[in-house]
1. Distance between Cα centroids, region 168-199 to region 250-276: provide it in whole Å.
2. Between region 138-166 and region 47-63, what's the alpha-carbon centroid distance in Å?
3. Let me have the 222 nm mean residue ellipticity of the chain computed from DSSP H runs of 4+ only, each contributing -39500 (n - 2.57), with the sum over all residues rounded to the nearest 500.
4. Would you grab the residues whose amide H sits under 5 Å from the one on I304? Only those 5+ places off in sequence or on another chain, please, with H modelled 1.01 Å from N.
5. Does region 450-527 classify as rounded, prolate or oblate by the C-alpha gyration tensor (a ≥ b ≥ c root eigenvalues; a/c under 1.5 gives rounded; else a/b over b/c gives prolate, otherwise oblate)?
6. Go from 0 up to the bin containing the longest alpha carbon distance in region 334-488, width 10 Å each, and give me the % of pairs per bin.
7. Please say if region 220-329 is rounded, prolate or oblate, where rounded means a/c under 1.5 for a ≥ b ≥ c the square roots of the C-alpha gyration tensor eigenvalues, and otherwise the choice is prolate for a/b larger than b/c and oblate otherwise?
8. Of the listed peptides 185-193, 163-171, what is their order by residue-averaged count of other C-beta atoms within 10 Å, with the highest listed first?
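Every read-out reported here was derived from the displayed coordinates using simple, explicitly stated rules and does not represent laboratory data. This is a predicted model, so every value here is computed, not measured. When we count neighbours, we look across all protein chains shown, and the Cβ atoms used for this are built from the backbone with ideal geometry, even at glycine.
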Amino acid sequence: MGAAEDRLPPGATPAPSGAAVARPAGSDGGVPKRRRRTALWAVLLVGLAFASVIQNWSDNQSSHYDLIRALDAGRTTIDAGPYRTKDKAYYKGHWYSARAPGLAIYSLPFYEVINAVDAPALARTSPALRGEDEMIYFIGLWGSVLPGLVMLLLVWRVAERFEPGYGGPAAVALGLGTMVLPFSTLLFSHVFAATLGFAAFATMVRERAGPPRPLLLAAAGVMMGYAIASEYPLALVAGVLGCYLVSRSDALAPRPLVMRAGAYVLGGLVGIVPLLLYNHAAFHSWTHLAYSNIPQQHKGFFGIGAPSLKVLGTLLFDSRGLLTLSPVLLMGAIGTVLLYKRGRRAEALTIAGVCACYLGYNSGYYLPFGGGAPGPRFLITMLPFLAFPIALALRRFPGPTLALAAVSVTTAVIATITHPLVGYENETVIWMRLLGKGSFQPTIASAFGLGRGWGAVWPFLLAAGAAVLMAVRAMPRTPLPGRQLMAGVLALLAWGLFAALAPTLLGIDHQGLLSILKAGDHTALNLTLHQGTRFPLRTLAPVAAAAGVLALAATRLLRNDAGRPSAPADAHAAAHPPVALSG
């Protein structure tokens, strides 16, 4: 990886290679306080939306919950867990959680606090779900909602370094328009581990902006080590960030290099200590993992074989595909290219490296989508890395970015409030069926007896809708050119036709079902068992595309009526106006 100076004003002196980011640490790039506060409120409202949803029980969640209860009781086995989760491993006569212990260890103090205030009794009497399922919700406020909010705050601040004024909208697009939304409402480890990994990167970006600071790199190492203790594939991110660390050209002399790299490695060893202690307590071995006792993990390296282009196609483009349901991430990829062209090569290559590692390993995994999930959940770690460059794409290509962001928010919101944990490509049809019936996941309103219909889903919709409005208000007031408007419409047309037709016509969904069949589910090709349809997104695609049209129309009306930029902070946008796609 290499680094060079960012785009500089005429006459400015370039900073030493690798020594500076787009703007100094602590600077706000001329963005007025009012817009910064608005962006902050937008992000906080997304966090409130996360907290308002009470999702149904699932094996993965109960595996974490059982491990938390076991640790609270002073043991590591889950033989006496309250639920018969499938996510467990058998070792020497006992059952253990198949999950990495990082999330459970982190959540244990919070669990003990809510137990002290008799939260289990409240959970058993709540009408939202059944019995103690609400305890998973309570723990999720600490283990999923809070990390999800922290992730968005980090994305906002990192994006502001490179494109002042556009970080808030990029963070909201990540929080409401990707898998971060449903998995911030579920007690899975993905959001927690991804937040730690991205926090390590954000810390390194800050260190890179000034003189070498080994203490910051040691902190990044601790976060990275604990991320691995929470989700083992984060070791891939640790390696990529190590390359980012040593790419700083002004710190390649032997002494600074050893100090910086040594601080990072030492911090990583400290961060991974909880995993080692857990392994020793559970298995009397520092390195034994529960994963090694799951039969499906014995093939290849913990279930990972050679990467497959066919599987990669399903991960990205089937009816649960990453880019099919969250096409705004494509603009994140374009923003990464823009970042590279600006001279921020080290950051751009870091994003590309994280994405390449995760797409490669996931395309070789025996169960690519990880069972019931509204997308390839193992790819969540790379989403914040891919999301902050959305800020660059939003300023440069506002039409397609706004349109695809509206599509992504629509699909993610509908999936989250109806039935996020779909297990098959064709089962995604259930999202619009449940929406039409007004049947939703419980919310905090359901806990007060308001059921699971439109009368209960309003807390989520109110918070999410307010977040979107705040994000729009936080953007610099620049017009939306006609060519950008047309580019947005064309992007919507292309996405709508692809999502509605291509997964079936090109056999991408069928290939995804074959992967499930190969993993051992012999019912995967029986469509009638899984809400079967050959074109599962044919109803959702027009609705999401219509949302994109409305977003473009509203932005065109509001921005073009705004006239000239009215605040000093808009000088950045005025100096670098949006360009047409062909320009």
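1. Using only Cα atoms, the two centres lie 27 Å from each other.
2. Here the answer is 18 Å between Cα centres.
3. It comes out at -19000 deg cm²/dmol, rounded to the nearest 500.
4. Excluding prolines and chain starts, which carry no amide H, there are no hits.
5. Oblate.
6. Pair shares across the bins are 9, 27, 32, 25, 7, 0.
7. oblate
8. 163-171, 185-193
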